[in-house]
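The values are calculated or read from the model by the stated rules, or taken from the named source; none is laboratory data. If you're wondering where the values come from, they're calculated on a predicted model, not measured in any experiment. We place every Cβ from the backbone using ideal geometry, glycine too, and count neighbours over all the protein chains shown. All accessible areas refer to the heavy atoms of the entire protein, side chains included, with ligands and DNA or RNA removed. Shrake-Rupley method; radii C 1.70, N 1.55, O 1.52, S 1.80 Å.
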Amino acid sequence: MSKKFKIITLGCKVNQYETAYLREKLSSKNWQSTEAATDADIIIVNTCIVTQRASYQSRQAIRKAIRENPSAKIAVVGCYPQVFPEELSKIEGVHVLAGNREKMNVTEILEECDLSILTKIPDNKNKQQSFDIMPVRRFLDRTRAFLKIQDGCDSFCSYCIVPYARGPVRSMSEKDVIRSINSFREEGYKEIVLTGIHLGKYGKDFTGKSELAGLLKIIKEENPDYRIRLSSLEPGEIRNELIEMVAGENWLCRHFHIPLQSGDKDILKKMNRHYSPEDFKKLILKIHERIPEAAIGVDIIAGFPGEDEQAFENGYSLIAELPISYLHVFPFSPRKGTPAAEYPDQVDSKIIKQRASKLRELGKKKKTIFYRSCLGKDYSILTEGWESEEGKIIKGLSDNYLKVFLHSDTLLKNEIIKITAEKHKKDYILGKIKDYT
């Protein structure tokens, strides 16, 4: 009788990718995946600590897994044990702690660990680091495949723990990128999302400079019959060459996600962010002018230390005047281990909450404006199956990140089809099928 495992994943797309790797590795050893914690012999919690709330949610998930199945082996992996293993050592019922660098080996340790003691997988921080290949072929219940092509960060923004959790910049080789993409194609995926901890620095460890555009040119040589979507890119890493590629290549999704974090020049300096609000404005206008229908998503932090009312309004007004499609708003919370946690003039939590709420309302307005600007136009969408089988409604995602619902008498899943955007409803577009591509 095969043993069963459950993986609980918190945080970013990179964590989701690494969870998919662990799932396939355990399955190759004849373990069976289960969604019920009570059935599992092993429970792996893949943690996140990007904010204090994320740390809290990780601890919640760990304790819930222990409560639901005290007889299971519990492994806590990822960013939390990488940076703060001593905090997790205090939780009774955890059997294995493994940081990001040793996450790959956790399955072997789990099979052999002694339930009576806590096993910490050693982390050799001094060894020369290279990119760890984690081959993945399938993502459960997803029509899009994620491919981690980069890991690590050396930016050291003053609020961010990620460089301490993920280590230095390192990249997947171009040959391995192409090999992985071809593997996804063989599995039938029609959209691949290139992701990383700091995607725009792909190749820096090879050449000393970013080579993301160069990688995309190599992908183009494969004559792609699928589409590529890029995850988050820093403002200084979106250069004219990349914008022109997205504008001219229909296999590259017209979608940019760009962290702004603050629209005030003094706050940006305190954050250790190396651009100005004016730089950001020029970039957004350049993208919009060259690719009018591109989705432009923006990250913004509310209530960074020293953010007075004028600094907040500087950011708010900057976003309000730009053709931005949606916002991801993050209320600032001090992250232990980062310089910003020790800064004076911390903003009151009530004020942070008010500012975050105001920004979220602005984000809703921006999304409505963007969606309505797309009405009457044709888009290629990747269908994701039923939104409502009873109502015969299919859901899908356009290359420029529109959530689309449409009527179909038959199931459409993992198909690229052409639609016309007819109506805007709440946070989605009602589309009509034109043809299959």
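Taking 0.36 nm per intervening residue step and subtracting the Cα-Cα distance, what contour gain separates D409 from R63 on full extension?
Extra length from D409 to R63 when fully extended: 120.1 nm.
Would you list the P(r) distribution for the stretch 1-137, with all Cα-Cα distances sorted into 10 Å bins from 0 and each bin expressed as a whole %?
Over the stretch 1-137, the share of Cα pairs per 10 Å bin runs 12, 47, 35, 5, 0 percent.
Evaluate E = 1/(1 + (r/R0)^6) for K423 and D308, where r is the Cβ-Cβ distance and R0 equals 41 Å; express this FRET efficiency to the nearest 0.05.
E between K423 and D308, to the nearest 0.05, is 0.45.
Considering the Cα trace of the stretch 180-243, what is its radius of gyration and what is Dmax, both in angstroms?
12.4, 35
What number comes out for accessible area per residue over the stretch 6-56 if the probe is 1.4 Å? Units Å², please.
Values: 2010 Å² over 51 residues.
With the other protein chains kept in place, the stretch 6-56 gives 39 Å² per residue.
I need the calculated FRET efficiency for the pair D348 and K217, taking r as the beta carbon distance and R₀ as 45 Å, to the nearest 0.05.
0.35
Could the peptides 155-161, 176-182, 387-393 be put in order, highest first, of the mean number of other beta-carbon atoms found within 10 Å of their residues? All intermediate terms of the calculation are to be shown ahead of the outcome.
Values: 155-161: 19.3, 176-182: 16.7, 387-393: 11.4.
Taking the mean over residues of other Cβ atoms within 10 Å, the ranking is 155-161, 176-182, 387-393.
Could you pull out which residues in the stretch 30-61 have an amide N less than 18 Å from a spot 7 Å beyond the Cα of I133, following the Cα-Cβ vector?
It comes to no residues whatsoever.
Given 10 °C and 1.306 mPa s, compute D for the chain with the Stokes-Einstein relation, Rh being the Kirkwood radius over Cα pairs; round to the nearest whole µm²/s. Please report the intermediate quantities before stating the final value.
On the way: Rh = 23.2 Å.
This corresponds to a translational diffusion coefficient of 68 µm²/s.
Report Rg(Cα)/(2.2 N^0.38 Å) for the stretch 162-274, keeping two decimals.
Dividing the Cα Rg of the stretch 162-274 by 2.2 N^0.38 Å gives 1.16.
Measuring with a 1.4 Å probe in the full set of protein chains, what accessible area per residue, in whole Å², belongs to the stretch 343-384?
On the way: 2490 Å² over 42 residues.
Per residue, the stretch 343-384 has an accessible area of 59 Å².
Pop out the carbon and sulfur fraction of the accessible area of the chain as a percent, whole number, probe 1.4 Å.
C and S fraction of accessible area: 48 percent.
Could you give the length gained on full extension between I433 and K120, defined as 0.36 nm per residue of separation minus the Cα-Cα distance, in nm?
Stretched fully, the I433-K120 segment lengthens by 107.3 nm.
Could you give each residue of the stretch 13-30 its phi-based ³J(HN,Hα) in whole Hz, using Karplus coefficients 6.51, -1.76, 1.60 with θ = phi - 60°, and x for Gly or Pro?
Running phi through 6.51 cos²θ - 1.76 cosθ + 1.60 with θ = phi - 60° gives 5, 5, 4, 4, 5, 5, 5, 4, 5, 4, 4, 5, 5, 5, 4, 5, 9, 6 Hz.
Hey, with R₀ at 25 Å, roughly what FRET efficiency would Q52 and H274 work out to, going by the Cβ-Cβ distance, to 0.05?
0.50
Apply the Kirkwood formula to the stretch 1-45: the hydrodynamic radius equals the inverse of the mean of 1/r over all pairs of different alpha-carbon atoms; give it in Å with one decimal.
Working: mean 1/r = 0.0936 Å⁻¹.
Evaluated on the stretch 1-45, it is 10.7 Å.
So how far, in whole Å, is the C-alpha centre of the stretch 182-261 from the one of the stretch 406-437?
Cα centres, the stretch 182-261 to the stretch 406-437: 26 Å.
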